[in-house]
Amino acid sequence: MKHNVKDSKTPKALDRRLFLRGAAGLGLAALSVPAVSSAALAQAVGLNDVLSSGRRGNWSDTFDARGTGGAKAIATNQPIMSPQTLNYISEAINQYNNIVANGGWPVVPGNERLRLGMKSQVVPILRQRLMISGDLPQGIGASNSFDTYVDAAVKRFQARHGLPADGVMGDVTYKALNVSADVRLGQLNTNLQRLGSLANVDQTRFVMVNIPAAQIEAIENGRVVQRHTAVVGKIDRQTPILTSKIHEVILNPYWTAPKSIIRKDIIPLMRKDPQYLTKNKIRLYDGQGQEVPPETVDWNTEDAVKLMFRQDPGKINAMASTKINFHNSHAVYMHDTPQKGTFNNLMRFDSSGCIRVQNIRDLDVWLLKNTGGWDRQTIEDTIKSGQNNPIQVADPVALYFVYISAWSTGDGIPQFRDDIYKMDGASELAIGTAI
């Protein structure tokens, strides 16, 4: 399975600079959730240009900013783990019960890469599908033009499903659209039960890692104050569900390779390139703490698993600037990474079970805010020094690794994510496993 699959390429037909200029004020500064509102779309595309376009669909004379999507912003500072989210999931279940009772929604046929300005016989079916799910306002018409109404609706749908909100109909968007309404209803019910025991968190500050969303929320006083993109465990090396407390932040950490990585990754690499350990500043130590030269090890056996593999701190260290520790029986932790590009992947299920955190230094500052002597500048200076520095968190922060693949943080805004570990009971929900 490839994990860097992109749903679509950015369309050249739409001036993205205009769009981004209009959307720049959207969302919460600290939150990295894709959000596209109808107001932003109206700013992005010049109104006079839109009205004079020969590619307009069935638009009414009352066209305005409210008409392009009828959508509330997807971004929110409401935590997933909250009683409010539990209530919103219940409302979404009622909505989807009604959709199923009325026959669900149609399958959008084909795989044509539709985008703004195109015409196709598929578009009227797409319009109907988006109207039923609430992404496109009713009464917009059955035109075969992929107009700004449809563009805004597709972006809203993509944002709700954790996809790049580019408005282009790529393979993954088609797959997500064509999951049936009754399967989505079952997914909501499954996750309502999961969240039920997690919603009432009696903690002023806590961190939640949502595995299928590959996303982290830092919550304080009932509000999300930071949201981080994450990379979580592969299908065959899954991130565990757990509860713990973050007790230590290590700046410029050493990395000690777990036996699974030694066996599955490092030994095969050493057979191909005997200089691999030296190039990556990984040292070997025996049980007495004595350093072992790599050339003395027989790499055609698994004897190396008996040794400790420790990588020196630095930019190429597997954890880069930070390791975040919490007690658990799975030997997992949260950390930085020198491979920043992995955070841009659509399918961010690529680790050996640990959690890679984008913009981790922001999280460091928040975790250490009540630990004396560790303000932002001190943290940055310490990282720059390259010296290993373990810091005990003065007030350990509660941590939850959860598996929530469907939720709602607003009226009419149900969110769905890929059931990457196949825990929801329907094969069509594990979209990423078929990519």
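Key figures
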{"read-out": "Residues of region 379-389 that turn out to be loosely packed, with under 14 Cβ neighbours inside 10 Å and part of a helix (DSSP H, G or I), as a count", "value": "3"}
{"read-out": "Residue satisfying condition, being surrounded by 17 or more Cβ atoms within 10 Å (Cβ to Cβ), of a type outside the set (S, T, Y) and part of a loop (DSSP other than H, G, I, E, B), within set D419, D350", "value": "D419"}
{"read-out": "Flag for N191 being of a type outside the set (D, E), out of contact with any helix residue (DSSP H, G or I) (no Cβ under 9 Å at 6 or more places or on another chain), buried (at least 19 other Cβ atoms within 10 Å of the Cβ) and at pLDDT 95 or above", "value": "no"}
{"read-out": "Condition check for V292: more than 26 Å from Q392 (Cβ to Cβ) and in contact (Cβ under 8 Å) with a residue 24 or more places away in the chain", "value": "no"}
{"read-out": "Residue identified as surrounded by 14 or more Cβ atoms within 10 Å (Cβ to Cβ), modelled with pLDDT under 90 and not in a loop (DSSP other than H, G, I, E, B) among T342, T337", "value": "T342"}
{"read-out": "Pairs where the first residue, in region 384-405, is at positive phi and the second is outside any strand (DSSP E or B), C-beta under 7 Å, 6+ apart", "value": "G386/N252; G386/P313; G386/G314"}
{"read-out": "Pick from region 200-247, criterion among the polar types (S, T, N, Q) and outside any strand (DSSP E or B), ranking: modelled with the lowest pLDDT", "value": "N200"}
{"read-out": "Complete set of residues in region 129-143 that are surrounded by 15 or more Cβ atoms within 10 Å (Cβ to Cβ) and either without any contact (Cβ under 8 Å) to a residue 60 or more places away in the chain or within 30 Å of the chain's Cα centre (by Cα) (or both)", "value": "R129, L130, M131, I132, S133, G134, D135, L136, P137"}
{"read-out": "Residue in region 266-284 that is touching a Pro at 6+ places or on another chain (Cβ under 8 Å), within 30 Å of I360 (Cβ to Cβ) and not in a helix (DSSP H, G or I) present", "value": "yes"}
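The values are calculated or read from the model by the stated rules, or taken from the named source; none is laboratory data. Since the model is a prediction, treat every value here as computed from it, not as a measurement. Here the Cβ is made from the backbone with ideal geometry for all residues, glycine too, and neighbour counts use every protein chain on show.
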